[in-house]
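One structure below.
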Amino acid sequence: SLVNSTISSKAVHIGDVYYGEHKIPRHLTPDPFFPEVFLGREQELKAIHDKLFTPGGNLLLLVNGEGGVGKTSLTAKYYRTYADQYAHLAWVLSEKNIAGALLQLAIPLGLSFDEKMDGSERIKLLLQALTNLHEPCLLVIDNANEISDLEANYQRLRQLPNFHLLLTTRITNFEQADTHRIEGLPEDKALELFHKHYPQFQPQ
């Protein structure tokens, strides 16, 4: 019986992960949109998973292709499909640069910065906090399209050996990272996808 028991417990929320007394949410950011209609990319999901989970493989993968071809949708589907295989997950948008996108994770990690700290010092503290998380973790950086920005932040990203890093990008050649090229769907799948989204259109 638990009546008069001296046992006590923390207030636990589903998805919280405890590091000592420090609580960090399993989902560091809101989940990405869910592509309700997903056709013709099933083998690519598995290929991305295999590349990231192969022992000794490159844990930074560029999902690249032309604009509008489906890079973000494919990566969002990967995020949702394999979420249960990761200790923590995060999805950030590179609106201005990768460093700025990474700093969005400071709040869920419980970090605060001295006002006198510059961006490099803040990133250093952030990376230290990220490397303390259980592995594997997944970090998606969406819309990382500037080669100079990727070059400037590559070594920072490589400091996260406990993370699988997926970057959606239009960059076609970056020797330091593996790539997974996304092409347009075959015509039959493209038409099927169109009909799913626009059922009111007449077949002709």
Given the conditions (1) open to solvent by 70 Å² or more (accessible area, probe 1.4 Å); (2) closer than 20 Å to residue 95 by Cβ; (3) small (Gly, Ala, Ser), every one holds for residue 144 apart from (1)
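Could you list, in sequence order, all residues of the range 74-120 that are among the charged types (D, E, K, R) and either within 17 Å of residue 168 (Cα to Cα) or in contact with a Phe, Trp or Tyr (Cβ under 8 Å, 6 or more places away or on another chain) (or both)? Show your work before the answer.
Initial filter on the range 74-120 (among the charged types (D, E, K, R)): 77, 80, 84, 95-96, 114-116, 118.
Hits for the range 74-120 are 77, 80, 95, 96.
Please verify whether the range 178-185 includes one or more residues that are farther than 24 Å from residue 89 by Cα, open to solvent by 30 Å² or more (accessible area, probe 1.4 Å) and either in a strand (DSSP E or B) or at pLDDT 85 or above (or both).
First, the residues of the range 178-185 that are farther than 24 Å from residue 89 by Cα: 183-185.
From the residues that got through so far, the ones that are open to solvent by 30 Å² or more (accessible area, probe 1.4 Å) too are 183-185.
If we keep only those that are either in a strand (DSSP E or B) or at pLDDT 85 or above (or both) as well, we get none.
The answer is no; no qualifying residue exists.
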Please state which of the following conditions residue 60 fails to meet, knowing it meets all the rest: (1) under 15 Å from the mean Cα position of the chain (by Cα); (2) surrounded by 17 or more Cβ atoms within 10 Å (Cβ to Cβ); (3) closer than 17 Å to residue 28 by Cβ. (3)
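Counting residues that are farther than 28 Å from residue 23 by Cβ, which strands (runs of 3 or more DSSP E) fully inside the range 54-144 reach at least 1? Write out each step before concluding.
Details: elements: 60-64, 88-93, 137-142.
Counting at least 1 such residues, we get 60-64.
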What residue, of 102, 127, 150, 133, is within 13 Å of the chain's Cα centre (by Cα) and at pLDDT 95 or above? 102
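In the range 80-106, which residue that is among the hydroxyl-bearing types (Ser, Thr, Tyr) and within 19 Å of residue 45 (Cα to Cα) is surrounded by the fewest Cβ atoms within 10 Å (Cβ to Cβ)? Show your work before the answer.
Pass one, the range 80-106, residues among the hydroxyl-bearing types (Ser, Thr, Tyr): 81-82, 86, 94.
If we keep only those that are within 19 Å of residue 45 (Cα to Cα) too, we end up with 81-82, 86.
Values: 81: 15, 82: 17, 86: 19.
Among those that are among the hydroxyl-bearing types (Ser, Thr, Tyr) and within 19 Å of residue 45 (Cα to Cα), it is 81.
The values are calculated or read from the model by the stated rules, or taken from the named source; none is laboratory data. As the structure is a computational prediction, the values presented were derived from the model and not from experiment. Using ideal geometry, Cβ is built from the backbone for each residue, glycine included, and neighbour counts are taken over all protein chains shown. Accessible surface areas use protein heavy atoms only, side chains included; no ligands, DNA or RNA. Shrake-Rupley method; radii C 1.70, N 1.55, O 1.52, S 1.80 Å.
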